[in-house]
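Below you'll find the structure, written out as structure tokens, and then a few comments.
The values are calculated or read from the model by the stated rules, or taken from the named source; none is laboratory data. Everything quoted here is computed from the prediction, not taken from an experiment. Neighbour counts run over all protein chains shown; Cβ positions are idealised from the backbone, glycine included. Keep in mind that these areas ignore ligands, DNA and RNA; they rest on the heavy atoms of the full protein, side chains included. Shrake-Rupley method; radii C 1.70, N 1.55, O 1.52, S 1.80 Å.
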Amino acid sequence: MQTEQRVIAVVGNPNTGKSTLFNVLTGLRQKTANYPGVTVERHTGRLRLSCGDVTLIDVPGAYSLAAHSPDELVSSDVLLGKVPGEPRPNAVLIVVDSANLRRNLFMATQVMELGLPAVVALNMADLAHKRGIDIDPDALSRELGIPVVEIAATRSHGIENLKQALADAVSQPPSEPRSFVPELRAVATQIKARLAELVEIDISVQETERALIDKEGAIEQRLLQHSKTDIAALLDTARQQITGGTTSVAAIEARARYRWIDAVVARVQTRGKSRQGVADIIDRITSHPLLGALLFFAIMATVFQAVFSWAGPMMDLIDAATAAVGGIVANNLPPGALASLIVDGVIAGVGSVVIFLPQILILFAFIIFLEDSGYMARAAFLMDRLMRACGLSGQSFIPMLSSFACAVPGIMATRVIPNERDRLATMLAAPFMTCSARLPVYALLIAAFVPDRQFGFANLQGLVLFGLYMLGIVGGIFTALVMKRFALRGPTPTFLIEIPPYRLPNFKSMGIRLLERGRIFLYRAGTVIFTVAVVIWALVYFPRPDDMLAEYAAQRATVAAQYDGPLLAVELNAIDQTEAAALLEQSYLGRAGKFVQPVFAPLGWDWKITAGVIASFPAREVVVAVLGTIYAVGGDVDATDTRLLNRLRKAQHPDGTPVFTTGIAVGLMIFFAFCLQCMATLAVMRRETNTWKWPVAAWLYMTSLGYIGALLAYRLI
């Protein structure tokens, strides 16, 4: 009887189709979380084999077990059983790209040295055949001493044979670890014993080898936490013993492995004439200096248009559904705090989260398709030179572009950036891009305070809107440059990227990954956004003075006695709007606006503008509804409502001076262009960085820029 769940780790180089194979094997029987203490995602799934159910762990793709990045360190730790709460795998599934056998076998031999039962999956065998590459899986199996199964994951070819091989492997006990670099193994064995004498460190011979290979790498840094001087000196002495001071341990390892690998590949692989296919023709076009660039911008424009426009109908449907559900609940509950909490807090809060989902799904559908087809690597290569001028790399372009629709999917898309500094710099620059949530604010202020004048083919209002878009781009570029020069300063990493062959993605795998991205968004961002939305509701709703409620109830009774029919409805609606404005002024939000107003007085803002800005923190577009309530027009207004536009234009202070001047209106637009008034963005940034340090720093930095910009506009215009 099976007493514990058996585990198989799925490992391989990037672009080998490892994740596609994982999705084919597990289907929807999988889940995603983070490894303890790091932001690296942990994908696990259940696979049913003839020997029973096993757990598959999709280990992050890596080129070597010598850890240079958090992903590679996790890969090494999982295989060595060093992840807290994670059992060491019972077996390993090594995914190999059939067209790149020599390079892929480098990591495969490192995994084989661990002594765990293993199976090699020769993936993308169909594409290799088209390129004239034929591999004898039986001969390779004899050379490696482990089962080798030829598969094509995107077509589910060879999957049943692979399952049987995994069932046999997971039932086998670990074997005596072998070594492809004997001189390294001998010294590592000695060093392991010496380390045990210095401090009580649970370290294997294989982990010691990784520390010797990767000087100042993650494993060595972990060891140095115990006794820096003795351990550092011990490791350096061992490296000197292996190399003789003429080269590096990594170079010796590479030569030894590739000497063995080259001999094996020569015996098991034959190369014939490559058969040209559609993918080769497409590759020639996409690699052309001019045609490739034009095609790239056309694809990016399509992605941008899709995220920005195609999501509109679904977002409208979600918005309408939220309003309909809220209306049904409101009609079936007596007026009061409970009804308002459910309608304006819970339902509206859920709606404010779910409404982003269409944009998230459309964006990631494009990204997953472009990644799996092999085009994303080419896009990053094309844009690398341009992005380097901004202090970033080519992989930052897609997240920056998608942030014009919404910074939330843009920040989530930074996961494609392997370098942590570039990833953080892109996250901090992405919120500057003019997202769709800013448009209602811009539309309201431009319509109210910018004259509708025509200058030839150009419209002044359109020029102002274009200027605000450009202002966001300049702000993002400036931020990236500043971050890479100061806060995120460090050696600029060499941009190395593997250009995989074009291939048709597996749509089942795409669908699984897309659903997973949507679930992650709803869980990660939704919990925080929903909580803040309920808090804002409470600030707007409470307190409700009894004398004020009684006064407006008396007014309703008076007009009910004087009017009837449509005229009564108009009068009652006017009282409702006036009451809502008065209650908002007396609410905690109104009081907060008056309390904070002196801070924004240098910008020319009164308490009403300040309250609107405070309320817009969960989402910028909320400011339109808040201003509609404050100016007694109603919270259901939009940016083109003429009643609200007229109220804003005519609004005056008690001394008769206008509340909104051109300088104040322009300053308010600049403030919203810079200030990070979006809880969704902060929530996702917090989840992606696993700390509040960067979201708080981004909010303070962007708010300061917005404040200074609004101050200059008010003083100079």
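Some observations on this one:
- Summarising the strand pairing of the chain, around 50 percent of its internal DSSP beta bridges are antiparallel.
- Estimated at 0.36 nm per residue, the fully extended path between Asp230 and Asp136 surpasses their Cα-Cα distance by 28.9 nm.
- What the Cβ-Cβ distance of Ile499 and Thr247 gives, at R0 = 25 Å and to the nearest 0.05, is a FRET efficiency of 0.30.
- Segment Ala323-Asp168, extension gain: residue separation times 0.36 nm, minus the distance between their alpha carbons: 50.2 nm
- For the chain, the Rg and Dmax computed from alpha carbons only, in angstrom: 30.7, 104
- In the full protein context, the range 303-391 carries 47 Å² of accessible surface per residue, based on a 1.4 Å probe and ignoring ligands, DNA and RNA.
- 222 nm mean residue ellipticity, helices alone, for the chain (DSSP H n ≥ 4; -39,500 (n - 2.57); rounded to 500): -19500 deg cm²/dmol
- Modelled spin-label separation between Arg715 and Ala601, with each label point placed 7 Å from Cα along the Cα-to-Cβ direction: 1.7 nm.
- With a threshold of 24 Å on the Cα-Cα distance, the over-threshold entries among Lys18/Lys163; Lys163/Lys508; Lys82/Lys163; Lys273/Lys508; Lys82/Lys484; Lys31/Lys130 are Lys82/Lys163; Lys273/Lys508; Lys82/Lys484; Lys31/Lys130.
- A simple rule links phi to the HN-Hα coupling: the Karplus curve 6.51 cos²θ - 1.76 cosθ + 1.60 with θ = phi - 60°, which for the range 89-101 gives x, 7, 7, 10, 9, 9, 8, 10, 7, 4, 7, 10, 4 Hz, with x for Gly and Pro.
- Cα-based reach from Lys608 at 27 Å (exclusive), listing lysines while leaving out same-chain residues under 8 positions away: Lys594, Lys650
- For the pair Tyr552 and Tyr588, label points projected 7 Å from Cα toward Cβ lie 1.9 nm apart.
- Pair Arg544, Leu700: separation of 7 Å Cα→Cβ label points (nm): 3.9 nm
- Under 17 Å of direct C-alpha separation, and excluding same-chain neighbours fewer than eight residues apart, Lys693 reaches these aspartates and glutamates: Glu420, Asp422.
- Check: the chain dipole with +1 on Lys, Arg Cβ and -1 on Asp, Glu Cβ, in debye: 1460 debye
- Across the chain, the longest piece that holds none of the trypsin sites (Lys or Arg not before Pro) lying in DSSP loops with up to 16 other C-beta atoms within 10 Å covers 490-717.
- Mean sequence separation of contacting Cα pairs (under 8 Å, at least six apart), scaled by the length of the chain, corresponds to a relative contact order of 10 percent.
- Per residue, in Å², the accessible surface of the range 74-191 once ligands and nucleic acids are set aside, probe 1.4 Å: 37 Å²
- Across the range 205-267, Cα pairs under 8 Å and at least six residues apart give a relative contact order of 27 percent.
- Length released on extending from Asn459 to Ile473, taking residue separation times 0.36 nm less the Cα-Cα span: 2.9 nm
- Solvent-accessible heavy-atom area per residue, rounded to whole Å², over the range 402-486 at 1.4 Å: 38 Å²
- Carbon and sulfur %, accessible surface of the chain computed with the full protein complex present, 1.4 Å: 61 percent
- Note that the range 668-679 has calculated 3J(HN,Hα) couplings of 5, 5, 5, 4, 6, 5, 9, 5, 8, 8, 7, 5 Hz, one per residue in order, obtained from phi through the Karplus relation 6.51 cos²θ - 1.76 cosθ + 1.60 (θ = phi - 60°); glycine and proline are x.
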